[in-house]
Amino acid sequence: MARPLRVDLENGWYHVTARGDHGRALFCEERDHARFTGLLEEMRDRFRVGVMAYVCMTNHYHVIVRTPEANLSRAIQWLNISYSVWFNRRHGENGHVFQGRFKAVVVEDGVWGLELSDYVHLNPVRIRVLGQGQSVRAAERAGLSAPPTVEEVKRRLNRLRTYRWSSYRAYAGYGGKPAWLDSETLLARAGGTARYRQGVENRIRQGVEESPWERVKWGVALGTEEFAQRIQARLKAGRETPAKQSLRMRRSFEEVVVAVERLSGEPWVSFAERHGDKRRDLTLWVARGCTGLTLAELGQKAGGMDYAAVAMAVRRLPAACQRDKALAALRTKVIEMCQM
């Protein structure tokens, strides 16, 4: 059987999914779920990818990933291998855990990523016991079934809102957001938490869910016709597009510092050591994504910071942006200036 085609893009967005071998369960207990989400966090730090949304079901998972460094294959291979080793050791088994290679569809940034996150987050509701088996959903899309009853809507909403192994609760405001989850981009496009929650839950109330996969082109791209043609052209150049063909050059740490200085109106030496000033953390967070420097190297560039201190600064910046809208706006402008 031919290996699935891969195209690695700098700042590419992907929908990634993998299933248990021969339909076996990937997640048998809470500890399995917890281990996998822990590995998502480690993957984000180790490979400098963005984890935009995810859901873990019994025998498969879905993750939306952004790759600033065009390294999707390496990141997901590490994730699956790491989980497989742990799973077999934990449950006293051996052999394959996942069914073949993971599947990945390149997603055009913008509304396509937002729509795809709705699909990912609705997975826990898309089950037979809630009246949402495959045949029922097909009938709904064809207009051949009655709208859901009040009781069906209530049960489905309760499942969606209480399902723990998904990023939906963080997106919808029903639970805390892990620092490693990059939800800000899609929430901003949705118009905020309340509008995101309303948009997803209205799909359940209306009882009709349009599958985005009906618009996937050539099995590899979800987006406009022009976007799909660009992806197809890259695939023709080779089965695996190397990272060296990335679309933009990396920035230096000094260039990131200059961007922050210009946009905030103060030099680095004025705010880098100022207690409570988050612009140093912002600089480190942006530099982590667009310079290719390790945490230790960033620490040296920032004036001799310890590795652990840099890691903490990078990790706490997204939460700080959620609390401070001015800081979030500055981050957006710095990213745009650095073309991260």
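Key figures for this structure:
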| quantity | calculated |
| --- | --- |
| Hits in the stretch 267-320 (condition: in a helix (DSSP H, G or I) and either among the polar types (S, T, N, Q) or touching a Cys at 6+ places or on another chain (Cβ under 7 Å) (or both)) | Ser270, Thr283, Val286, Cys290, Gln300 |
| Which numbered condition Ala302 misses (of (1) surrounded by 13 or more Cβ atoms within 10 Å (Cβ to Cβ); (2) within 30 Å of His15 (Cα to Cα); (3) small (Gly, Ala, Ser); (4) at pLDDT 85 or above) | (2) |
| Residue in the stretch 62-74 that is in a helix (DSSP H, G or I), within 24 Å of Leu187 (Cα to Cα) and in contact (Cβ under 8 Å) with a residue 60 or more places away in the chain present | yes |
| Qualifying residue in the stretch 157-171 (condition: open to solvent by less than 70 Å² (accessible area, probe 1.4 Å) and either at pLDDT below 90 or over 20 Å from the mean Cα position of the chain (by Cα) (or both)) | yes |
| Total residues in the stretch 11-34, condition outside any strand (DSSP E or B), buried (at least 20 other Cβ atoms within 10 Å of the Cβ) and of a type in the set (A, V, I, L, M) | 1 |
| Among the candidates Arg315, Arg279, Arg262, residue that is exposed (fewer than 15 other Cβ atoms within 10 Å of the Cβ) and modelled with pLDDT of 80 or more | Arg262 |
| Count of the stretch 58-76 residues which are open to solvent by 30 Å² or more (accessible area, probe 1.4 Å), closer than 30 Å to Val125 by Cβ and not β-branched (Val, Ile, Thr) | 2 |
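For (1) under 20 Å from the mean Cα position of the chain (by Cα); (2) modelled with pLDDT under 90; (3) open to solvent by 60 Å² or more (accessible area, probe 1.4 Å); (4) hydroxyl-bearing (Ser, Thr, Tyr), each residue gets a yes or a no:
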| site | (1), (2), (3), (4) |
| --- | --- |
| Arg197 | yes, no, yes, no |
| Arg230 | no, yes, yes, no |
| Leu247 | no, yes, yes, no |
| Phe271 | no, no, no, no |
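The rows are residues; the columns are (1) among the aromatic types (Phe, Trp, Tyr); (2) under 21 Å from Gly289 (Cα atoms); (3) in a helix (DSSP H, G or I); (4) out of contact with any helix residue (DSSP H, G or I) (no Cβ under 9 Å at 6 or more places or on another chain).
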position: Leu40; (1), (2), (3), (4): no, yes, yes, no
position: Val55; (1), (2), (3), (4): no, no, no, no
position: Phe87; (1), (2), (3), (4): yes, no, yes, no
position: Arg90; (1), (2), (3), (4): no, no, yes, no
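The values are calculated or read from the model by the stated rules, or taken from the named source; none is laboratory data. Quick caveat: nothing in here was measured; it's all calculated off a predicted structure. Here the Cβ is made from the backbone with ideal geometry for all residues, glycine too, and neighbour counts use every protein chain on show. Accessible surface is based on the protein model in full, side chains and every heavy atom, while ligands, DNA and RNA are left aside. Shrake-Rupley method; radii C 1.70, N 1.55, O 1.52, S 1.80 Å.
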